[in-house]
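> Sharing a structure below in structure tokens format, with a few things to ask.
The values are calculated or read from the model by the stated rules, or taken from the named source; none is laboratory data. Keep in mind it's a predicted model, so treat the numbers as computed, not measured. Reconstructed Cβ throughout: ideal geometry from the backbone, glycine too, with neighbour counts over all protein chains shown. The accessibility values were calculated without ligands, DNA or RNA, using every heavy atom of the protein model including side chains. Shrake-Rupley method; radii C 1.70, N 1.55, O 1.52, S 1.80 Å.
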Amino acid sequence: MKKIGITLLGVMILAACGKESSTNNKKINIGITQIIEHPALDATVAGFKEALEDGGYTEDKVNIEAQNAQGDFGIAQTIASNFVQSKKDLILAVSTPSAQSAFNATKDIPILITAVTDPVAVGLVGDNITGTSDMAPVNKQVELIKALLPNTKRIGVVYNTSEENSQILVKKLKVESEKYGYKVVEKGVTSVNEVGQALDVLLKDVDVLYTPTDNLIVAATPLVLSKANEANVPVIGCIEDQVIQGALATETLDYKQLGYQTGEIAVRVLNGENPKDIPIETQRDTKLLINKEVAERLNINFQLN
């Protein structure tokens, strides 16, 4: 009997050690939900991961599950629900629709948002939310139109009516445009299949096309630029990649840096800070980008200060 008792004690000690070891070695589970693939959103995710690594949350300590909703709000909601059911320790929500889906799914798991235009306006206020906003510098973008295209009278904009971030930006565009006497001509779409037809109508009636940080429109950039080029209408874009692809110019954020900034906040949360004590941050610095080749093709002369 004594021998059996010693054996059982040994098993109990081993079991206890095993449990402690498992707890210490448990990886942190992070879910990343992104509404759609395009260079700006992809860059935020890359910056976020880089900040985690720099903050000590390396691959051996973190499991990251990244899901893409392919532009479908319903899929974004399903992804968020699955993250909650699988008890993620933290969720990174990239874009306004993804952030809204995550916040609808949980009020307990910390949600780090990024690439969200106006968190307060779309109801993203809660004790488990923090992160960064990508409110575009619309005032500077309109100033850019005045500087590069002084004969402009009508600004065209096409946007996804299902994205609240886009509605906010179009309203802001109208306010800024009024300062210079510009008329904004808008066309709303609900899917990528409607973009081409909307542009065919819109581009006949405007001097310049403005693209907001609308996820559907940014993802359709090749089509947008192709249609604008056919109509010989210059495009003022919203992200760096659009200028690289052939838009005339933009004043924009550095989306990888925005993601990195979000990752730094995530590290603070993982280290024990409460999300409700960390205000949502914005990026102060913006950068001016002009596609010289496009400017020359359009006979636009400019001089940088």
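> Could you list the trypsin sites (Lys or Arg not before Pro) in the stretch 247-305 that lie in coil according to DSSP, counting only those with at most 13 other Cβ atoms within 10 Å of their Cβ?
Arg284
> Right, here's the next one. Which net charge results for the neighbourhood of Val125, defined as the other residues with beta-carbon distances under 13 angstrom from its beta-carbon, given Lys and Arg at +1 and Asp and Glu at -1?
Value of the local net charge: 0.
> In whole Å, what are the Cα extents of the chain along the three principal axes, biggest one first?
Largest first, the chain extends 98, 39, 31 Å along its Cα principal axes.
> Now for a different question. Per residue, what accessible area does the stretch 228-288 have, given a 1.4 Å probe and all protein chains present, in Å²?
46
> So, one more: Taking K and R as +1 and D and E as -1, what net charge do the other residues with C-beta under 12 Å from the C-beta of Lys183 add up to?
Net of charged neighbours comes to -1.
> Another question about this same structure. Mind checking which of Val269, Asn291, Val94 is farthest towards the positive end of the chain's charge dipole, using Cβ charges of +1 (Lys, Arg) and -1 (Asp, Glu) about the Cα centre?
Val269
> Counting only DSSP beta bridges with both residues in the chain, tell me the antiparallel percent, nearest 5.
Rounded to the nearest five, the antiparallel share is 10 percent.
> Find me the longest stretch of the chain that has none of the exposed chymotrypsin sites (Phe, Trp or Tyr not before Pro), where exposed means in a DSSP loop (not H, G, I, E or B) with at most 15 other Cβ atoms within 10 Å.
In short, 1-179.
> In square nanometres, what is one fourth of the surface area of the convex hull spanned by the alpha carbons of the stretch 113-267?
Answer in nm², one decimal: 9.1.
> What's the FRET efficiency of Leu298 with Asp200 using the Cβ-Cβ distance as r and R₀ = 22 Å, to the nearest 0.05?
0.60
> How much net charge surrounds Asp277 when only the other residues with a Cβ under 11 Å from the Cβ of Asp277 are counted, with Lys and Arg +1 and Asp and Glu -1?
So the surrounding residues net to 0.
> Under DSSP H, which helices of the chain have Cα atoms covering 27 Å or more of the helix axis and a Kyte-Doolittle average no less than -1.0?
What comes out of the filter, once short or polar helices are dropped, is 2-25.
> Right, here's the next one. Test of the criteria: in the stretch 181-283, which GluC sites (Glu not before Pro) are in a DSSP loop and have at most 13 other Cβ atoms within 10 angstrom of their Cβ?
Passing sites in the stretch 181-283 do not exist.
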